[in-house]
2 protein chains.
Amino acid sequence: MDMVPPPGARRALPPELRDALAQAFGERFSTAEAVRQQHGSDESAYVPCPPDAVVYPLDTADVARVVRLCAAHRFPLIPYGVGSSLEGHLLAVHGGICIDLSRMDRVLAIQPEDQTATAQAGLTREGLNRAIADTGLMFTVDPGADATLGGMVATGASGTNTVRYGTMRDNVLSLTVVTADGEVIRTARRARKSSAGYNLTQLFCGSEGTLGIVTEVTVKLHPRPESIAAAVVNFADVRSAVECVIQAIQLGVPLARAEMLDALTIRAINAHSHTSLPEAPTLFLEFGGSNAQVREQGELLQSVAQELGGGAFQWATRPEERTRLWTPRHRAYFACLQLRPGSRCLTTDACVPISRLADCIDETVRDVQASGLVAPVFGHVGDGNFHCLLLLDPRDADENARAEAVSQRLVRRAIAFDGTCTGEHGVGLHKRGYLLEEHGEAAVGLMRRIKQALDPHGILNPGKVLP
Amino acid sequence: MDMVPPPGARRALPPELRDALAQAFGERFSTAEAVRQQHGSDESAYVPCPPDAVVYPLDTADVARVVRLCAAHRFPLIPYGVGSSLEGHLLAVHGGICIDLSRMDRVLAIQPEDQTATAQAGLTREGLNRAIADTGLMFTVDPGADATLGGMVATGASGTNTVRYGTMRDNVLSLTVVTADGEVIRTARRARKSSAGYNLTQLFCGSEGTLGIVTEVTVKLHPRPESIAAAVVNFADVRSAVECVIQAIQLGVPLARAEMLDALTIRAINAHSHTSLPEAPTLFLEFGGSNAQVREQGELLQSVAQELGGGAFQWATRPEERTRLWTPRHRAYFACLQLRPGSRCLTTDACVPISRLADCIDETVRDVQASGLVAPVFGHVGDGNFHCLLLLDPRDADENARAEAVSQRLVRRAIAFDGTCTGEHGVGLHKRGYLLEEHGEAAVGLMRRIKQALDPHGILNPGKVLP
């Protein structure tokens, strides 16, 4: 699709800054073409836009050193984790120094009694879960990628079990942040709640590297349930599948996961994984708790599904069975890409109140069909969040334009339903144009004032978030 | 105790402003001495500090009109709900116009399918629960007072069931706010999650009226459990009671409430309510869920308590029985005041990681004893938050000084345990001095920059939060 990022003013890397960084970081500083190229793109469809150099800090003090050097030259900075952004967050549209945090992957503290852990921002979510494997606890936020904690804070990420355990915002207790002038702050202490001053933790969470650079993250952990059961069930239409989840939530069933895949996604999975799932709207569910609770939740959900015309439940309780049952869901993204070999994809991220979700999906599917595009749909039903994968021939400008138009109409539909243009992927470059429509001039004006107050010279990930 | 608020510069109410407000609001504007006095104090021990006038808006447009008039004269504004602050939030230390939001108590929308409701900021939490009584849903945040939703947003309030359902921060989806220049913004839409721009909702939540005036609040609701059981159990010492709750949480028991009252509090309750509870550290517990879940949770907790030397559980399941069992807990505050008739009380609000809670309470109780003061202790154990009610003869300056010293040492102890000076009451006037100790110069510096960016002329509740 080769989306071209908006042109940004660039200034050459000042030689003094280059020399100072080279001296301070030695081999952990690079201006090599291949390194720069690698750090100039993400999982979005934008053409790469490389930074001027890449630096690899090992700790907060290293990051503060880079920031102070860049601040002195008013030169842009872009924090980087594993590059799994979907919205162009990492592109150096104004040039700048890329701070690659991937070597900052140490676990700093685990407090099982408090159900908290602190790690450097470059640790990935799976890395954290490996580190706490013997505590009986788990870190729950699970976006598609094995993203870094810092990246997940930056976008306010979420995932399949957000319906039960919340988003990254709900699971962050405290952050260590390097400010635009290179000072180090901790946004909160480790108490589970506090009313002591403005909520800096939540201000940095979702700020996409534009207000400060997150270097350490303290998160909440949750006890692993005694028993987990997974189930798959299909429905005649999307509306019934969505309604099933709504009713379960209203009955107070603590669903651990509730993912809806439409018929086209299931067809893609069958072709990709050689499965033979019925090609109909399907719920992938997970329940957790004591054995008795899991049994009770499962029975309740089966009776709800039956009244809505749902098929028979396929169950799995042992870990390897559960993995097998859920594997198709985890492979959905790559399976969908194979619906059109050679295609790229524009991924939408609308999120609406769940009472409007079925309408929003129905209208979107009709719009996709009218546009002559191919676009499987799947989503986190319990959160009202779904993704529409608009599959595109990267060389077809007309198709590209039609896909952007579908995406734009979807955003407007979501906003009309009192929803948001992005439930979990963030704004980055791609959604900036919608902030005004979603929040209005006055609210975006406040965001601009906050940006100006915290980053007066605009050196932190410039060109992102704010229109 | 007659604490005197710090002196603030005051300017006389400009006659043009007075006339403009009188003309715009007629009988809903008052400069009467009695009205001003009533609005010049809260539940804290400060001597009153009345505003220059009080205005009673009926909707957001009314509030915006007041703010624009005050902004034009750069005259202070103080939002007011039911006056239940414990930290001096409402005192007009720089004079100003009090905006009494209590007439803004309409429910604007209830969406049972989405488990959300929107109301004007002057509605109280009990008022909201009455309005949604027939939906099967409940609004869960329950501080001691029947506070307004706006007041609860302002302080980031919490209560007895925060251990299960979260604080006000966790239950606010979106706010309508009048900014310092009289513009109206909505901080978010009604989707359950969003990554669209900076988190204005959480910035205003806990800002104590210093960044904007909250006029409408959209909150999350929760399904009422099918079954609820309450239990009371006592222990030989505070540590065992705390440990019981920690172990229950680690086992994943979804405790709905877990309140610890120390022996002195129980003695106060026995004297006040003519009960005969054993005068020992006691847990008041509540479980919710299906019948089977409640039974299972109860059994699990009984076995945990038994291993820690806990006594027999007293159970109650029917509503009237549960009310009877819990009434002593709800009356604890007034019962404690009666330990010393005629006394006032300085209420502390430390919150620490739960692994440090028993140490923090133990050390505090020893400190209280060494200081020769009387101070019952009770708290929200599952959150690591407890209140120490320092009972004082209001005429005894020495006792006052000793109580402030105990309170200060407790704050420093909590901070040393990686906790906070205030878990739920907010900063107001009384805790401002501790913000630097808790957050450090650089973080408080960021808070100051945010205040300056959003309220450049300092007209919103001046003198509060920031040191």
Report whether or not A:Ala442 is within 14 Å of chain B (Cβ to nearest Cβ), farther than 26 Å from A:Ile213 by Cα, surrounded by fewer than 20 Cβ atoms within 10 Å (Cβ to Cβ) and among the hydrophobic types (A, V, I, L, M, F, W, C). yes
Tally of residues being buried (at least 23 other Cβ atoms within 10 Å of the Cβ), touching a residue at least 60 places away in the same chain (Cβ under 8 Å) and charged (D, E, K, R) across the range A:193-227: 2
Given the residues B:Ala416, B:Ala375, which is the only one that is over 22 Å from the mean Cα position of the chain (by Cα) and not assigned by TED's automatic domain parsing to the domain that holds B:Ala92? B:Ala416
Filter the range B:323-359 down to the residues that are within 14 Å of chain A (Cβ to nearest Cβ) and outside any loop (DSSP other than H, G, I, E, B) and list them by number. B:Thr347, B:Cys351, B:Ile354, B:Ser355, B:Arg356, B:Leu357, B:Ala358, B:Asp359
Would it be correct to say that B:Leu277 is assigned to a loop (DSSP other than H, G, I, E, B) and farther than 30 Å from A:Leu200 by Cα? yes
Given the criterion in contact with a Ser or Thr (Cβ under 9 Å, 6 or more places away or on another chain) and assigned to a strand (DSSP E or B), identify the matching residue among A:Val54, A:Val67. A:Val54
Of residues in the range B:248-267 being within 30 Å of A:Pro254 (Cα to Cα) and in contact (Cβ under 8 Å) with a residue 60 or more places away in the chain, the one surrounded by the fewest Cβ atoms within 10 Å (Cβ to Cβ): B:Pro254
Considering the range A:395-439 alone, what residues qualify as being over 14 Å from A:Leu86 (Cβ atoms), part of a loop (DSSP other than H, G, I, E, B) and within 14 Å of chain B (Cβ to nearest Cβ)? A:Phe417, A:Asp418, A:Gly419
Looking at the range A:14-35 only, could you name the residues that are touching a residue at least 24 places away in the same chain (Cβ under 8 Å) and either touching an Asp or Glu at 6+ places or on another chain (Cβ under 7 Å) or of a type in the set (Gly, Ala, Ser) (or both)? A:Ala20, A:Ala24, A:Ser30
Out of all the residues in the range A:65-80, which are under 26 Å from the mean Cα position of the chain (by Cα) and either small (Gly, Ala, Ser) or within 22 Å of A:Pro15 (Cβ to Cβ) (or both)? A:Val67, A:Pro76, A:Leu77, A:Ile78
Looking at B:Thr160, B:Thr140, which one is more than 21 Å from A:Leu466 (Cα to Cα), in contact with a Phe, Trp or Tyr (Cβ under 6 Å, 6 or more places away or on another chain) and touching a residue at least 40 places away in the same chain (Cβ under 8 Å)? B:Thr140
Residues A:Val153, A:Val163, A:Val184: which one is crowded, with 23+ Cβ neighbours inside 10 Å and more than 15 Å from B:Arg192 (Cβ to Cβ)? A:Val153
Inside the range A:191-221, can you point out the residues that are in a loop (DSSP other than H, G, I, E, B), more than 7 Å from chain B (Cβ to nearest Cβ) and either at positive phi or not aliphatic (A, V, I, L, M) (or both)? A:Glu208, A:Gly209, A:Thr210, A:Gly212
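The rows are residues; the columns are (1) of a type in the set (A, V, I, L, M); (2) in a helix (DSSP H, G or I); (3) without any contact (Cβ under 8 Å) to a residue 12 or more places away in the chain.
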| site | (1), (2), (3) |
| --- | --- |
| A:Ala229 | yes, no, no |
| A:Glu243 | no, yes, no |
| A:Ile269 | yes, yes, no |
| A:Gln293 | no, yes, no |
| A:Ser303 | no, yes, yes |
| A:Glu321 | no, yes, no |
Restricting attention to the range B:1-45, the residues that are on the phi < 0 side of the Ramachandran plot and part of a helix (DSSP H, G or I) number exactly 19
When you check A:Glu226 against the structure, is it more than 7 Å from chain B (Cβ to nearest Cβ) and farther than 22 Å from B:Tyr165 by Cα, yes or no? no
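The values are calculated or read from the model by the stated rules, or taken from the named source; none is laboratory data. No experiment lies behind these values; they were computed from the predicted model shown. Heads up, the Cβs are rebuilt from the backbone with ideal geometry, glycines too, and the neighbour counts pull from every protein chain shown.
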